[in-house]
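Asks: First the structure, then my questions, so here it is.
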Amino acid sequence: MENKRKYLFTTVIALFIVSFYTINLRFDPFYRVNGINNDNRMIIEKYLSKEEQKYLVENRIPLYHFMKYIKYDDFYLPYYQYYELLEKTGRYSTNKSILQTGSELATKLTGTYKGASYDQAKKLVEHDLETGYLYNQNFDFGKLQIYYEMRPLYEDYSYVDDTEYYIELLKNRGLNDKMILSFFKQACANYSRYGLTTLMTQANNQDMFLIPDPSALLTTLSDQTYIGAYVPHNLVLMSDIHRLKYAMYLNNDAYEALKKMIDAMPDEIANDFYVKEAYTSFTDLQYSNPNLAGKDERQLGNTVSIASKSIAYHEFETSALSQWLEAHSYEYGFTLRYPKRMASSTNHVYDAHYYRYVGKKNANKIYKENSCIEEYNQKETAE
């Protein structure tokens, strides 16, 4: 008898709990929503439409995802994930701008990609492409990989039109899709927007080779190669080195190697040393010698013209400094850029002044082979 009473009591309690839960679900749909209370319930009922309230309950969306936005006119609950996506970027200064852009983005993507719209939004927002997608009618999802490379160079969404134009130019040069993507990856990693613009001015010239990565240590330039307004990323002021003028720059690796080489010189030779030329910008070359702009290796930031304080410039070859450099510069990663009897390869007459930093490994091989950069590159390519 006692067991029956206990069983009956337990059954009644269970039925009460189930009935209470069912009634709450039926008459209080917000019961399922995590974090609901009387205060925020009133706000939800005031600012959310019946459709949005139903969406909230069915999807059980925690309130912290959207309560900060709920009072804004542009807020639409089913788009809350898009708002969060934009907020996390830190690129939007106001909630209103987040809501406006998020709603536009969700509406446009949903119309095209349906259930896959949020995944597409993540691709766009991660790479700061959402405004280009929204406001440039030429935006093409098929070119996303190239947009990923181009976007960091731009402050606006004109990268979309430039991408379209550059692709057309490269296709006219015979590049396939894989080669075009490779070109953009290299060029966008090395050029500024202006630099890339100047590079592509020669794209219609089929006789001109465009160099997408001028940063390679063994890059060579000539009348048939072009780097536009390329500027090396790691230029440093040549402090602590005797030079013709104060504002002279080199790539950091070349500068550090040059300092070590000077420190290794006998005092009388080091005291006779100074740098006459170093990095020269595209703009400076346009003024001094327009035909060399974009084609001169001084733009690469690894070339120095070395001179003697005690001997006339045209007699430098006879100086102890010149002789020491020819014998020891390779030990520090430098090579004489225009050696004797190699004009047919370098397309430049012998010049004792110009030294090019190519790294110790390359310089050592070039020295031992009694070669030049062009011949060394040719041999490496053949092997």
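Each value in this text was obtained by applying a stated rule to the coordinates, not by laboratory testing. Here the structure is a predicted model, which means the values were calculated and not measured. A quick note on method: Cβ atoms are made from the backbone with ideal geometry, for glycine too, and the neighbour counts reach across all protein chains shown.
Asks: Can you list the HN-Hα couplings for the stretch 168-183, worked out from phi with the Karplus curve (6.51, -1.76, 1.60; θ = phi - 60°), rounded to whole Hz and with x for Gly and Pro?
Replies: For the stretch 168-183, the Karplus-derived couplings read 4, 4, 5, 5, 5, 8, x, 7, 8, 4, 5, 5, 5, 4, 4, 4 Hz, x marking Gly and Pro.
Asks: Give me, ordered by chain and number, the residues 5 or more places off Tyr338 or on other chains with an amide H under 5 Å from its own placed amide H.
Replies: Those qualifying (amide H under 5 Å, at least 5 residues apart or on another chain) are Asp351, Tyr354.
Asks: Once amide H atoms are placed 1.01 Å from N in the peptide plane, what residues at a sequence separation of 5 or more from Arg243, or on another chain, have their amide H within under 5 Å of its amide H?
Replies: Those qualifying (amide H under 5 Å, at least 5 residues apart or on another chain) are Val275.
Asks: Same structure again: Mind jotting down the three principal axis lengths of the stretch 25-85 based on Cα atoms? Whole angstrom, largest first.
Replies: 32, 19, 19
Asks: Can you divide the C-alpha Rg of the stretch 184-334 by 2.2 N^0.38 Å and report the result to two decimal places? Intermediate results must be reported in sequence, preceding the final value.
Replies: Values: Rg = 16.7 Å, N = 151, 2.2 N^0.38 = 14.8 Å.
My calculation over the Cα atoms of the stretch 184-334 gives 1.13.
Asks: Would you please give the residues with an amide H less than 5 Å from that of Thr225, counting only those at least 5 places away or on a separate chain, with H modeled from the backbone geometry?
Replies: Phe209
Asks: Now for a separate question. Under 19 Å from the 7 Å Cα→Cβ point of Leu244, by amide nitrogen: which residues of the stretch 306-327?
Replies: From the stretch 306-327, the list is 306-319, 321-322.
Asks: Still on this structure: If R₀ is 56 angstrom, what is the calculated FRET efficiency for the pair His348 and Lys68, using the beta carbon separation as r and rounding to 0.05?
Replies: Computed FRET efficiency for His348 and Lys68 comes out at 0.25.
Asks: I need the phi-derived Karplus couplings for the stretch 333-344: 6.51 cos²θ - 1.76 cosθ + 1.60, θ = phi - 60°, integer Hz, Gly and Pro marked x.
Replies: These are the phi-based 3J(HN,Hα) values: x, 9, 9, 5, 5, 10, x, 5, 6, 10, 4, 5 Hz.
Asks: Any chance you could list P(r) for the stretch 94-221, counting all Cα-Cα pairs in 5 angstrom bins from zero, rounded to whole %?
Replies: 2, 10, 19, 20, 17, 12, 9, 6, 4, 2, 0
Asks: Continuing with the same structure: Considering the convex hull of the alpha carbon atoms of the stretch 141-200, report its projected area averaged over all viewing directions, in nm², one decimal.
Replies: 3.7 nm²
Asks: Next up: How much mean residue ellipticity at 222 nm does the chain get from its helices, if each DSSP H run of length 4 or more adds -39500 (n - 2.57) and you divide by all residues, to the nearest 500 deg cm²/dmol?
Replies: One gets -15000 deg cm²/dmol as the mean residue ellipticity at 222 nm.
Asks: Now for a different question. How large is ³J(HN,Hα), in whole Hz, for each residue of the stretch 362-376 in order, when computed from phi with the Karplus curve 6.51 cos²θ - 1.76 cosθ + 1.60 and θ = phi - 60°, using x for Gly and Pro?
Replies: 5, 4, 4, 5, 4, 5, 5, 8, 6, 10, 9, 4, 4, 5, 5
Asks: Quick check: the distance between the Cα centres of the stretch 333-383 and the stretch 41-69, to the nearest angstrom?
Replies: What the calculation gives is 71 Å, centre to centre.
Asks: Shifting gears a bit: Sticking with the crude label model, points 7 Å out along Cα→Cβ, report the distance from Ser222 to Lys259 in nm, one decimal please.
Replies: 3.6 nm
Asks: Follow-up question, since we're still on this one. Among (1) 33.2; (2) 18.7; (3) 22.9, find the value of mean projected area of the Cα convex hull in nm² that was calculated from the structure presented, and write down its label.
Replies: (1)
Asks: All other residues with a Cβ under 12 Å from the Cβ of Ala189 taken together, and with Lys, Arg as +1 and Asp, Glu as -1, what is their net charge?
Replies: The answer is -1.
Asks: If you wrap the stretch 253-359's Cα atoms in a convex hull and average its projection over all directions, what's the area in nm²?
Replies: On the way: hull surface 27.9 nm².
Across all orientations, the stretch 253-359 yields a mean hull projection of 7.0 nm².
Asks: Still on this model: Quote the charge dipole size of the chain about the Cα centre in Debye, to the nearest 20; the model charges only the Cβ of Lys and Arg (+1) and of Asp and Glu (-1).
Replies: My answer is approximately 1880 debye.
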